[in-house]
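*Asks:* To start, I am sharing the structure in question, which I have written as structure tokens.
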Amino acid sequence: VSTQSTGKQWYQRRVRGSLRLIMMARSLLLLLGILLLSDAYLYSFTAKVANRGRAGTSGDVYMTVIGTKGNLSVGKVSKKELKKGKTGRFSVYGKKNIGEIRCVRLSTTSKNSLLLDVVTVRPEYGVESYYYNTKGVILNGDPRRHSGVASLQMCKQGEEHYYITTRTSTESRSQTNKIHLRMRLTGALGTTTTGIINNEGRNDFKRGEDDTFVVPGMKMVGKIRCIELFAEGSDKWKFDYIEVHCDNYRAAYTFHNNRNIWISNDSREGEDVYKLC
């Protein structure tokens, strides 16, 4: 009995000693990680993929962030973050502060196409910035055989929030859920262009209804003189009027569809580009 008791005690001491070594090793690894990252900067990203066609990709896509104090190579973006109609979220650590982020550049050698709507970047302890694909350019590694470009750069326009309200006509078949509409605002101080205007989780552009879209990260263009609509969807849409205002100019600028124009990417149904001043 004495021999069995002694053996059991010896085994228990060994187990406790091993556990202490494991805990010490974990503590050292944690400390090492803290030391390695003490001079690192965390950057958090979202990437919103368009919700049409073959907008998502299964190919390799690489990202570089361009700042006023240097660039940050994000490397390969996980394919699971680039699915059609979804917003991917990911973070990386950089070894230095790259300053104010001006642009994001994406590249690929894949023949699979990717259509992004907007990328956002939030530096640690900083504010989120927005980078819109203002021309709806497709990213594709073989542009000679497929439409698109192998490298796409999207740059910051500004920090203004614009509020866009549309009134869909009460006329029969005026409604749409596939118009994929962008808008360019022209004012006394220049121009700025939205991404696809859409309220996620809501069926916009119903017949006879108002829809308001909040678009952050835009350039403040002053008094708005003109708006220009770009339809990337073949479903037609008819509106009565569009109102636009921003945080700096609370009074809305209203543009009426006096010519009763239909908007559509299909030339048989309407205009794919329409300007109102």
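*Asks:* All but one of (1) closer than 20 Å to Tyr130 by Cβ; (2) small (Gly, Ala, Ser); (3) over 22 Å from the mean Cα position of the chain (by Cα) hold for Gly195; which doesn't?
*Replies:* Gly195 satisfies all of (1) closer than 20 Å to Tyr130 by Cβ; (2) small (Gly, Ala, Ser); (3) over 22 Å from the mean Cα position of the chain (by Cα) except (3).
*Asks:* While we're here: Return the residues of segment 220-237 that are under 14 Å from Glu269 (Cβ atoms), charged (D, E, K, R) and in contact with a Ser or Thr (Cβ under 9 Å, 6 or more places away or on another chain); say none if nothing qualifies.
*Replies:* Selection gives Asp235, Lys236.
*Asks:* Whether any residue in segment 163-178 is at pLDDT 95 or above, charged (D, E, K, R) and open to solvent by less than 20 Å² (accessible area, probe 1.4 Å) is what I want to check.
*Replies:* Checked segment 163-178: no residue is at pLDDT 95 or above, charged (D, E, K, R) and open to solvent by less than 20 Å² (accessible area, probe 1.4 Å).
*Asks:* Can you name the residue in segment 117-174 that is in contact with an Asp or Glu (Cβ under 7 Å, 6 or more places away or on another chain) and assigned to a loop (DSSP other than H, G, I, E, B) and, of all such residues, is nearest to Asn97 (Cα to Cα)?
*Replies:* The residue in question is Asn133.
*Asks:* For segment 92-135, give me the residue count where each residue is within 17 Å of Asn71 (Cα to Cα), of a type in the set (Val, Ile, Thr) and either surrounded by 19 or more Cβ atoms within 10 Å (Cβ to Cβ) or under 14 Å from the mean Cα position of the chain (by Cα) (or both).
*Replies:* 6
*Asks:* Return the residues of segment 49-77 that are within 21 Å of Glu128 (Cα to Cα) and either assigned to a loop (DSSP other than H, G, I, E, B) or without any contact (Cβ under 8 Å) to a residue 24 or more places away in the chain (or both); say none if nothing qualifies.
*Replies:* Once the filter is applied, which keeps residues that are within 21 Å of Glu128 (Cα to Cα) and either assigned to a loop (DSSP other than H, G, I, E, B) or without any contact (Cβ under 8 Å) to a residue 24 or more places away in the chain (or both), segment 49-77 yields Ala50, Thr68, Lys69, Ser73, Gly75.
*Asks:* Take the residues in segment 90-106 that are over 12 Å from Pro123 (Cα atoms) and of a type in the set (A, V, I, L, M, F, W, C), then tell me which one is modelled with the lowest pLDDT.
*Replies:* Per the criteria, the residue is Phe90.
*Asks:* Right, another one. Within segment 192-238, work out how many residues are aliphatic (A, V, I, L, M) and open to solvent by 70 Å² or more (accessible area, probe 1.4 Å).
*Replies:* 1
*Asks:* Same structure again: Taking the criterion of being open to solvent by less than 20 Å² (accessible area, probe 1.4 Å), of a type outside the set (Val, Ile, Thr) and in a strand (DSSP E or B), would at least one residue in segment 256-266 satisfy it?
*Replies:* no
*Asks:* Another one. Given the conditions (1) closer than 28 Å to Gly187 by Cβ; (2) surrounded by fewer than 19 Cβ atoms within 10 Å (Cβ to Cβ), which single one is not true for Arg89?
*Replies:* (1)
The values are calculated or read from the model by the stated rules, or taken from the named source; none is laboratory data. Quick caveat, the model's predicted, so the values are computed rather than measured. Neighbour counts are summed over all protein chains in view; Cβ atoms, including those assigned to glycine, are modelled from backbone coordinates with ideal geometry. All accessible areas refer to the heavy atoms of the entire protein, side chains included, with ligands and DNA or RNA removed. Shrake-Rupley method; radii C 1.70, N 1.55, O 1.52, S 1.80 Å.
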